[in-house]
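Worksheet: one structure, shown below.
The values are calculated or read from the model by the stated rules, or taken from the named source; none is laboratory data. Predicted model, so just to flag it, every value in this text is computed and none were measured. Note: ideal-geometry Cβ built from the backbone for every residue, glycine included; neighbour counts use all protein chains shown.
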Amino acid sequence: MNQWKNFSKGFIKENPVFVLLLGMCPTLGVTSSAINGLGMGLATTFVLLMSNIVVSLIKSLIPDKVRIPSFIVIIASFVTVVQLVMQAYLPSLYQSLGLFIPLIVVNCIVLGRAEAFASKNNLLTSAVDGLGIGLGFTFALVLLGGIRELLGSGKLFDITIYSENYVTLLFVLAPGAFIVLGYLIAIINRIKKD
Amino acid sequence: MAKRESTFINMVVTLFAVTFIAAAALGFVHDLTKDAIELAKMKAENEAIEKVLPAFEELGESWKVPVGETGDSLEIFPAYQGDEMVGIAVKTFTNNGFSGYISIMAGFDTSGKIYGYEVLEHEETPGLGSKMNEWFRNTEKPNQNVIGKNPEDFRFEVTKDGGDIDAITASTITSRAFIDALVRAFEAYKGNVNAISGATE
Amino acid sequence: MNYLVIIIGAILVNNIVLMQFLGICPFLGVSKRLSTAIGMTGAVAFVMVLATIVTYLIQTFILDAFGLAYLQTIAFILVIASLVQLVEIILKKVSPALYQALGIFLPLITTNCAILGVAILTIQKEFNLVEGVIFAVSHAIGFGLALMIFAGIREHLDLQDVPKGLKGTPIALISAGILAMAFMGFSGLV
């Protein structure tokens, strides 16, 4: 398998958010700023990478009927690792992301990749897939977060770009998330068609 | 390599093994990070205390005092410069925020005036309720500013409820919750300030 | 805490789908037809309330009692996965038609962030068991409400003349955004 293609498909062609329409909850929930999107994206990428690796390594040891629960336990463990490490060394990010960190365990992307890919491919392929999809996810989150932060508060990565007097607060609130994502998907669909 | 057969024994053993190994590994990571997590929490707390009190050399032992009738208790931190107490910080909270829980570190000097406050945790609406950290310390707007005022000297409520403080525009609920937290902090302070300064004599 | 505040808060003010962004996947996936939306809501409600009860008990009597709070994520998701299996088995026997209609979305209830989210929130907000159940039931109602309103809207959208680029998911999301705006109006209630 061409590992470069395997890696890069996560960005546009098989972008989990814009194309596969998975992982919607964190996508809408933590993208009120670019930094939050980045943090969540990287945390999810870590879990994706590690769980893909472990699942690929032990796939022949797990009886078929219990594979989903086993995958879930493996994923949940790595999510807990992320929780603990973030709490210890990145407490403010941990607070901003809040509930959505433990919710990585039910991010359809992670379980989906483990089931559809890692359980059927070798270690290297699975790892690269995890990394590529994870970074594609991160890309989507930062894009969405950046747009919402810029339009909604005039800042980007906490750096003020333009004055607060010209912001449209709606974009950092719930409706803004839905609307910006809707338009982004429409745009990406158009780009893909060309 | 063929997958293992899905016999009942195999399934149970696998599930048990996976869970056991996972739990053990997590226990290990938990041990590793336990201290760092405690440290991070304390650091955040101490930084907040330093922001809300006049300069002090050391913090006395903190303890929790009950407030109100809801069964809640708040943690108070007396601060000393040498032998003299210079102020008391109270880690207060309220569950009446627009999005629920708000926690605030409030600092009172020895005369009962609010020396400072620092919002620690909240999930209030960005751009609206989240402005509370700056709103209530705005020295250019004396009707909003709570710093330097002693809660016993004015009506510590939003103007809508007949009080003297202007609420954040379009965020009355958050403002009310904020004040609720500070009022409880003051209650904790008042109930104990004499006990503490009395003890140091 | 005042029960009425919990109920109104969960159904309207902090609606689990439109304000807290939990349960979006089934929200977008199952809301194309009203009948499936109703079936899904029932299944989710059942799992949500049961899960909240069981996870609360596990948290109180096992995790907290033995200082194992860090195992919360694993324990909770295993409870939810098991409950979903249970629902699948029951549904297959009791209503095979609904079982067929829900299809792949039934096992996907496990990954419904709303269920895990509500379980965790119940612990975070330090509700007792009664408040927790009321919280869960209210959020299930809120989920159902959002889902059904949205299904109604989507059935109509399908008949409209939507610009090509926006057809399907994009227009659904934009409509959800407008619906969320409407729900924001409830914030003055509590």
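Within the stretch A:122-142, not a single residue is within 13 Å of another protein chain (Cβ to nearest Cβ) and among the charged types (D, E, K, R).
For the stretch C:92-114, the condition of being more than 14 Å from chain A (Cβ to nearest Cβ), part of a helix (DSSP H, G or I) and either on the phi > 0 side of the Ramachandran plot or touching a strand residue (DSSP E or B) at 6+ places or on another chain (Cβ under 8 Å) (or both) holds for at least one residue. Tell me, yes or no, whether the stretch B:125-140 has at least one residue that is over 25 Å from A:Leu169 (Cα atoms) and crowded, with 16+ Cβ neighbours inside 10 Å. Checking the stretch B:125-140: not a single residue is over 25 Å from A:Leu169 (Cα atoms) and crowded, with 16+ Cβ neighbours inside 10 Å. Exactly one residue among A:Ile191, A:Ile159 is surrounded by fewer than 19 Cβ atoms within 10 Å (Cβ to Cβ), among the β-branched types (Val, Ile, Thr), closer than 15 Å to A:Ser32 by Cα and more than 10 Å from every other protein chain (Cβ to nearest Cβ), and that residue is A:Ile159.
Taking the condition of being at pLDDT below 85 and in a loop (DSSP other than H, G, I, E, B), how many residues in the stretch A:122-173 meet it? Residues in the stretch A:122-173 being at pLDDT below 85 and in a loop (DSSP other than H, G, I, E, B): 9 in total. Among the residues of the stretch C:125-139, is any at the interface with another protein chain (Cβ under 9 Å from one of its Cβ atoms), surrounded by 21 or more Cβ atoms within 10 Å (Cβ to Cβ) and free of Cβ contacts under 8 Å to residues at least 60 places away in the same chain? Within the stretch C:125-139, none of the residues are at the interface with another protein chain (Cβ under 9 Å from one of its Cβ atoms), surrounded by 21 or more Cβ atoms within 10 Å (Cβ to Cβ) and free of Cβ contacts under 8 Å to residues at least 60 places away in the same chain. Candidates in the stretch B:152-198 are the residues that are at pLDDT below 85 and among the polar types (S, T, N, Q); of these, the one that is nearest to B:Ala79 (Cα to Cα) is B:Ser197.
Here C:Leu68 meets the list (1) closer than 20 Å to C:Glu126 by Cα; (2) at pLDDT below 85; (3) buried (at least 24 other Cβ atoms within 10 Å of the Cβ) almost entirely, failing just condition (3). Could you tell me whether C:Leu116 is in contact (Cβ under 8 Å) with a residue 40 or more places away in the chain, over 20 Å from A:Thr80 (Cα atoms), touching a helix residue (DSSP H, G or I) at 6+ places or on another chain (Cβ under 9 Å) and among the hydrophobic types (A, V, I, L, M, F, W, C)? For C:Leu116, the condition - in contact (Cβ under 8 Å) with a residue 40 or more places away in the chain, over 20 Å from A:Thr80 (Cα atoms), touching a helix residue (DSSP H, G or I) at 6+ places or on another chain (Cβ under 9 Å) and among the hydrophobic types (A, V, I, L, M, F, W, C) - is not met.
Scanning the stretch B:145-163 for residues that are in contact with a strand residue (DSSP E or B) (Cβ under 9 Å, 6 or more places away or on another chain) and either assigned to a loop (DSSP other than H, G, I, E, B) or within 15 Å of B:Ala177 (Cα to Cα) (or both) yields B:Asn145, B:Val146, B:Ile147, B:Gly148, B:Lys149, B:Asn150, B:Phe154, B:Arg155, B:Phe156, B:Glu157, B:Val158, B:Thr159. Looking across the stretch C:155-174, just one residue is within 10 Å of another protein chain (Cβ to nearest Cβ), among the charged types (D, E, K, R) and not in a loop (DSSP other than H, G, I, E, B), and that is C:Lys164.
Within the stretch B:88-124, the set of residues being in a strand (DSSP E or B), touching a helix residue (DSSP H, G or I) at 6+ places or on another chain (Cβ under 8 Å) and more than 30 Å from A:Leu169 (Cβ to Cβ) comprises B:Ile88, B:Ala89, B:Val90, B:Lys91, B:Gly107, B:Phe108, B:Tyr115.
Scanning the stretch A:50-61 turns up at least one residue that is in contact with a Phe, Trp or Tyr (Cβ under 9 Å, 6 or more places away or on another chain), away from chain B (no Cβ under 13 Å) and part of a helix (DSSP H, G or I). Residues in the stretch C:82-91 that are within 13 Å of another protein chain (Cβ to nearest Cβ) and crowded, with 18+ Cβ neighbours inside 10 Å were compared, and the one that is farthest from C:Phe27 (Cα to Cα) is C:Leu83.
Checking every residue in the stretch A:28-37 against the condition of being of a type outside the set (Phe, Trp, Tyr), facing chain B (nearest Cβ under 10 Å) and in contact (Cβ under 8 Å) with a residue 24 or more places away in the chain gives at least one match. Of the residues making up the stretch A:62-76, not one is more than 7 Å from every other protein chain (Cβ to nearest Cβ) and without any contact (Cβ under 8 Å) to a residue 12 or more places away in the chain. Using the structure shown, decide if C:Ala101 is surrounded by 16 or more Cβ atoms within 10 Å (Cβ to Cβ) and within 25 Å of A:Thr27 (Cβ to Cβ). No; evaluated as a whole, the condition is false for this residue. When C:Lys164 is tested against (1) at pLDDT 85 or above; (2) surrounded by fewer than 18 Cβ atoms within 10 Å (Cβ to Cβ), exactly one condition is not met: (1).
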